[in-house]
Structure formats: structure tokens, C-alpha cells
Amino acid sequence: MGARNRREPCRRCALPLSRSRFLQGSQDNVIQAFAFYLFATIVIASGALTIVSRNPVHSVLWLILAFFNAAGLMLLIGAEFIAMLLVIVYVGAVAVLFLFVVMMLDIDFAELRAGFTRYLPFGLLIAVVLLCEMIFAVGVWNFADIGPDTRMGTIDPDMPNIEAIGRALYDRYLLVFEGAGIVLLVAMVGAIVLTHRERGGVRPQNISKQIKRRPEDATRNTQPEVGKGVEL
Amino acid sequence: MTEFFQSLGMSFEWAWGVATIAGILLIALPLMLAVAMIIYADRKIWAAIALRKGPNVVGPFGLLQSFADGLKVFLQETIIPSAANRGLFLIAPIITFTVALIAWAVIPFGEDMVLANINVGLLYVLAASSLGVYGIVIAGWASNSKYPFYSALRGAAQMVSYEVSIGFVLLSVVMFAGSFNMQTIITAQQGHVFGFINGFAFNPLLFPMAVVFFISALAETARAPFDLTEAESELVAGYQTEYSSMSFALYWLGEYANVILMCALNAVLFWGGWLPPVDWAPLYVVPGIFWLFLKILIFFFIFSWVKATVPRYRYDQLMRLGWKVFLPLSLFWVVLVSGYLMLTRYGGVL
């Protein structure tokens, strides 16, 4: 029975208890810090390479690497559900479509580089604004007088990740969540309405008609006389 | 295993590290051997259905054919096309191969035999299988050649499409099991039907999803009849056209490792994994790993059977099946299953 218990995953960090005890042990900080700096360095480096790369396909691939390592960072703080979703949704679907589009683009690199200096001020402005916002957000988060309840959304530390997110989304923020769903639905319908057009002169396939078609409808067996052939 | 290495006098940390590496090798090495044998089995089954003999020259009954093939490609010259993007061209097969291996970390082979018993095991598998598409897409682009590129586009669209319905199918399983943990999913299947049949697939509510999952697994691994990425009548050899030697062999190995993985997932999610088919005490004397392998082999036989008998789909048919048939069906089934569970397990709607 004792062996079974140790196999049971630690609810907080999803690792088996034996391993989470190991992480809480003496080498806890060393290994976690090592993993953190490894992931963080790769995220920043590949983020930078995303911008610097001349080839847009390389840029997307670096971006994917950044996503992947960001998922590693999420795992480190114990948000395993979000980490997996990041890989499934962003790396597995969004980035694939991204790559798909970029690979098919016919890009003129000279024109691209000419645009770089033209849009540089805009880009810098946006970067500065984002940086300021991040500093403010983190600053407020750290120093404002908010109770731990508000910060953590009252998540029970013993609760598995998925359950905690489910509680928050389907209980506390149900209306907001459903509202977001409706917004996405509208966006999806809008995209289809905008891009879908009826074109004349094409013969769309009617699947049920194709399946219903039998050999008897298309062929017939005749015994033509010699020298006469078949009339159509 | 950690305890064993600790008993040899190692500290806990070292024992854990060594045990993990030993566990990885214990999975990866037999898997490679299994891939070699299963390629042989695939060819034999295919040959038998086509009334041929199949490989029968190398070794007794041709058993060593895969090893001979492996040696052959190993001794070949690696050719890199001059117009190819060198780095990505070489990374692509490695990605395919690695991704095919990493998902095995969470597959349980027995009651206590799993490398990583994580809470989100099923999501991990889904994440790993969604990465498999990169091997194909990057290869197609880096080859800088027309047919591989077409193949890459086809592969990307096909795999992303079928992942959607796979996700919904998995959701109905997860709702029944109440967990994303692979071990919990297996133990939830113990005596699932009438109290003594193990396996979600025997539940009439979940059987259609088992079928949908099996067909989606065929599409996800790009096996026949959905092997449009390497349709030789249209695309030469698809994304593998420019590959040779070991880089080609890595695709080969990765592809079959993926196929075995999908067979294992079928077994774990719907047919009780390492549980015997019936919840009857004498059957538990047989080690669980035997039942899992038996189920994997049965599924692999069906994979080969389908490959040998079903003609290749047209691309528009493939897309139609994924988006217009499987997606609405599995989405509806999620609603149906959750409604059923709400009524039976959680005591009514209110």
C-alpha cells in the first residue's frame, strides 16, 4: 500500500509525490532555478531571433520554440493544464496555420527591409507602451494592498489544476466566459460570411448523389451487331 | 524503481535520476525493436491479404528483413539537395522521431509501470501528437522541392483537422473517467459494463466514439486510406522525396512508433489498457503488460488490414469526413455524454 501512495500524484504540481518531495528537498532551488534559467533564456533568445531572422519561415519556427519554452515555464510554476493547452492550441494548431500561410507567401525581402526603417518609430512606440504597461501591472501586483484571496482567485492549494480553472471559469466568471464564447462565435461566423462567396460556373460535389449512383445508372450492356456499333 | 537504486546505496536524488533514465531506456529500446518487428508484421499481413509471400528471405521466415533494411539505409550516402535549407532539412526527421517517442512517457504498461504518472497525461499525449505535424511541414518546406511542399501542406491541414475531432472524442472519455490521468482512466474502466466487462468501448454510449477515434487515429498517423501526404501516384513520395539514408530511416521509425502509439491509445482509452477484457480474478494472474500488448497487436492488425483493403481517399473526401461528419458527431456526443452523466451520476439537472 505504501508503494501505491507514493505513486499518487502530488495534487499541486502534478508530479508523483516522491518527485515533489525531491523538489522540496535540499536541491530544490538549484534544479528549479536551473530549469527556470534554461527555459527563460531560450524564450528570450528565440523571441529575439523571431524578430531578427530574415527568413519569415525561420521567424515562425523561432516563435514556436518560444511558445514551447514558455510552456516549460508554466510547468515550473505548477500550471500544468495551461502549459499543455499552450502546446496543444498555440504550438499544435495556431502556429501550424501561421507557418502554413507564411510558407505560401511570396515575400520580397528587399521591400521588407525598406519597410523596416519606415515602421521603426511605430514599433518602438508600441514597445515602449507595452513595457510601461507591464511595469505598471507587475508593480501594482507586487505592492498594492490586495489580499491573497483576490490575487489567487481563492484557489485551494490541494485542488488539481484543471478543477481550479473549471471552478473559476464555470462558477465565478460564468457570464464573462460565456460572453467571450459568444464573441468568438460571432468572429467565426463573420470570417466565414466575409470569405465565403458563391461562384458561378463551378460544379460543386453532391456527396449523397455520388454515393447513390449505381453502375446501372451509368452503364448498360448491349450486344451490337457486327458493323453497326452502339448509338448513344 | 527509485527504491531499487536507493537500496544500492544511492541518495534519493541520484536514485531518482538514474531510475528515470533507466525507465526511458526501458521504453525506448524495446520500442525500437518492436518497430522493426511490426514493420515486418505489416508487410507480412499485407502480403497475405494480397496472396503474396512477403519478406521470406532474410532469416527464418524473413524475420530479420527489417534489420537488413536498416543496415542497408545505414550504409547509404546521405544526400542533401543543394537548394535545400540544410539545418531545417536535417532537423525535420529528428523532430518526427523524437515526438513519436516522447508521448510514450505517460502510457501505462501496468498497475505501477508508468514512467510519468502525471495529472494531465491525456493532454500531454494530445500535445505530443499535435507536434508530429512539424516534422512533415518543415521537411516539405526545407526540401525546396514541389512535391514535398504539396505534401507538407496536405499533411498540415489533415492533421490539424483530425486533431479537433480527436479532442472531442477524448473529452467524452475524460468525462466518464473523471480525470485526465491515464491510470485513472484505465482503472475507471474496471467493470464498466454490467460490473464485469472492462473497457469503455463496450458501453453503447461510447462505442461510436471508439470507432471515430480509431478512424481519426488512421488520419492522424497519415496511414492508408488517409496517406495523402505520400500518395505516390500524385506526389512521388511526398515529404520524404528528397530524403535518403538515415534521415529517411528516422521517418520510417517515427511513423511506425506513432502507429504503435495510436494503437496503444486505442487500447488504453477504450479497451481497458492493461486490464484483462473481463473483470474475473484468475485473469489478473496474467501480467497487465501482456493484455496491453495483446490489444496493441490486435489494433495493429486492424491498421494493416485497413491498409491492405481500403483504397485511398480523395483529398476533399478526407476534409469532408473530418469537418462535416466527425466534428459535428463528436461535438454532439460530448453534449450527449455530459447530459447522460448529469442525469445518472450527478443526480439530475438541478
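The values are calculated or read from the model by the stated rules, or taken from the named source; none is laboratory data. Treat the numbers as computed from the prediction; the structure is a model and nothing was measured. Virtual Cβ from ideal backbone geometry, glycine too; neighbours counted across all protein chains shown. Only protein heavy atoms, including side chains, enter the accessible area calculation; ligands, DNA and RNA are left aside. Shrake-Rupley method; radii C 1.70, N 1.55, O 1.52, S 1.80 Å.
Normalised by the number of residues in region B:1-158, what is the relative contact order in percent for Cα pairs under 8 Å and 6+ residues apart?
Details: 138 pairs, mean separation 25.8, N = 158.
Relative contact order of region B:1-158: 16 percent.
Give me the angle, in degrees from 0 to 90, between the Cα long axis of helix B:207-220 and the longest principal axis of the Cα atoms of chain B, rounded to the nearest 10.
Once rounded, one gets 20 degrees.
Looking at the P(r) of the protein assembly as shown, how many percent of alpha-carbon pairs lie beyond 29 Å? Working shown, then result.
On the way: 106675 of 169071 pairs.
Considering the protein assembly as shown, 63 percent of its Cα-Cα pairs are separated by more than 29 Å.
Run the numbers on region B:148-171: which residues show a drop of 20 Å² or more in accessible area, chain on its own versus all protein chains together, using a 1.4 Å probe over heavy atoms?
Listed in order, they are B:149, B:153, B:156, B:160.
Amide H to amide H under 5 Å from residue B:278: which residues, 5+ apart in sequence or cross-chain, H placed 1.01 Å off N in plane?
Correct list: B:198.
Tell me the per residue accessible area of the protein assembly as shown using a 1.4 Å probe; a whole number in Å² is fine. Working shown, then result.
Working: 33130 Å² over 582 residues.
Per-residue accessible area for the protein assembly as shown comes out at 57 Å².
Can you check what the net charge comes to around residue B:55, using other residues whose Cβ is under 12 Å from the Cβ of residue B:55 (Lys, Arg +1; Asp, Glu -1)?
Value of the local net charge: +2.
How charged is the neighbourhood of residue A:209? Take every other residue with its Cβ under 13 Å from the Cβ of residue A:209, and add Lys/Arg as +1 and Asp/Glu as -1. List each step's numbers first, then the result.
Numbers: positive: A:203, A:212, A:213, A:214; negative: A:217.
Counting the neighbours of residue A:209, the net charge comes to +3.
Can you give the Kirkwood hydrodynamic radius of region B:275-347 from its Cα pairs, in Å with one decimal?
Details: mean 1/r = 0.0611 Å⁻¹.
Hydrodynamic radius (Kirkwood, Cα pairs) of region B:275-347 is 16.4 Å.
At a 1.4 Å probe, what is the % contribution of carbon and sulfur to the accessible area of the protein assembly as shown?
That share works out to 69 percent.
Can you tell me the 0 to 90 degree angle between the C-alpha axis of helix B:288-309 and the longest principal axis of chain B, rounded to 10?
The answer is roughly 50 degrees.
Could you sort the residues of region A:52-76 by number and keep only those whose accessible area is reduced by 10 Å² or more in the all-protein-chain setting relative to the chain alone, 1.4 Å probe?
Buried by 10 Å² or more upon assembly, which counts only protein chains, are A:55, A:57, A:58, A:61, A:64, A:68.
Would you work out which of B:12, B:121, B:76 lies farthest towards the positive end of the dipole of the protein assembly as shown, given +1 charges on the beta-carbon of Lys and Arg and -1 on that of Asp and Glu, about the Cα centre?
Final value for the positive-end residue is B:76.
Relative contact order of chain B: what whole-number percent is it, with Cα pairs under 8 angstrom and at least 6 residues apart? Before the final figure, lay out each step's value.
Numbers: 512 pairs, mean separation 74.4, N = 350.
That works out to 21 percent.
Helix B:245-270 against the longest principal axis of chain B: what's the angle in degrees, Cα atoms only, rounded to the nearest 10?
Between helix and principal axis, roughly 20 degrees.
Less than 15 Å Cβ to Cβ from residue B:317, Lys/Arg counted +1 and Asp/Glu -1: what total charge do the surrounding residues give?
Values: positive: A:209, A:213, B:154, B:312, B:314, B:320, B:324; negative: B:227, B:234, B:316.
Local charge sum for residue B:317: +4.
What list of ³J(HN,Hα) couplings, whole Hz, do you get for region B:160-177 from phi and the Karplus terms 6.51, -1.76, 1.60, once you set θ to phi - 60° and write x for glycine and proline?
Listing the rounded values in order: 4, 5, 6, 4, 4, 6, 4, x, 5, 4, 4, 4, 5, 5, 4, 5, 5, 7 Hz.
Over 24 Å between Cα atoms: which of B:53/B:307; B:53/B:146; A:209/B:146; B:44/B:307; A:212/B:324 fall into that group?
Values: B:53/B:307 17 Å; B:53/B:146 36 Å; A:209/B:146 34 Å; B:44/B:307 12 Å; A:212/B:324 18 Å.
Pairs exceeding 24 Å: B:53/B:146; A:209/B:146.
Chain pair B, A: how much accessible area is buried, both chains summed, with a 1.4 Å probe, in Å² to 100? Please report the intermediate quantities before stating the final value.
On the way: alone 16860 and 19610 Å², together 33130 Å².
Chains B and A together bury roughly 3300 Å² of accessible area.
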